[in-house]
Amino acid sequence: MSIIKDIKQEDSLFLKGTLYVPLFEKKAEIWIENTVDLEYAEKCAEHLVNLNDKMIDDFCERAVAYYKFMLEEWGYFEDIYEDIVDDIKNTVPEDISGRDILKYIYSPNLFVFPPEGDGIGYSVDCQCVWEPEHGLDLIIRDDKVLYVGESMGLGAWSSDEEYEVPY
């Protein structure tokens, strides 16, 4: 039985469905490029649903680093974006750590594109309190968290250099 529910043609490029993702404790939409085999999409969905503790902790540690980096970056423009900075500071504790960061990440969307080589890879695009414009991407290939940071349209098959972040 598939963990992906309500799959339907969304547009000329994607199928869309839903699945429950324990990491975020909520349903997520899954976007499957039309050329992707549904069996492969199911493997990606199952992988996300069953992330191991090491991967979850790695993701959370990197999301906290992204939060702290962005808090500092927003601070440089506090006089211009006072409302955004105030919202971040009043919502997310500055000393946040570990899995507590998950409370401030919402609206996850799983994106599955054709694999390039063996294994599986996918990206999860989310919204987060500390970066209301660019959100947060989680990119995974096999059992490795490749990237956690602002959404830049990267996929799971990009080069390692593209996943580098300043935090």
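For the chain, the longest principal axis of the Cα atoms and the long axis of helix 82-91 meet at an angle of about 70 degrees. Each Cα pair under 8 Å and six or more residues apart adds its sequence gap; the mean of these over the residue count of the stretch 5-163 is a relative contact order of 20 percent.
For the chain, leaving out every one of the GluC sites (Glu not before Pro) that falls in a DSSP loop and has at most 11 other Cβ atoms within 10 Å, the longest unbroken run is 26-93. The length gained by stretching the chain between Ser107 and Ser12 to full extension, at 0.36 nm per residue less their Cα-Cα distance, is 31.9 nm.
Within the set Lys43/Lys89; Lys5/Lys89; Lys8/Lys68; Lys54/Lys103, which residue pairs have Cα atoms separated by over 28 Å? Checking Cα-Cα distances, Lys43/Lys89; Lys5/Lys89; Lys8/Lys68 exceed 28 Å.
Percent of C-alpha pairs per 10 Å bin in the chain, short distances first: 10, 39, 33, 15, 3, 0.
Using a simple spin-label model with pseudo-atoms 7 Å out from Cα toward Cβ, Gln127 and Glu73 lie 1.9 nm apart.
Each value in this text was obtained by applying a stated rule to the coordinates, not by laboratory testing. Here the structure is a predicted model, which is why all the values come from computation and not from measurement. All Cβ positions, even for glycine, are placed from backbone atoms using ideal geometry, and neighbour counts span all protein chains on display.
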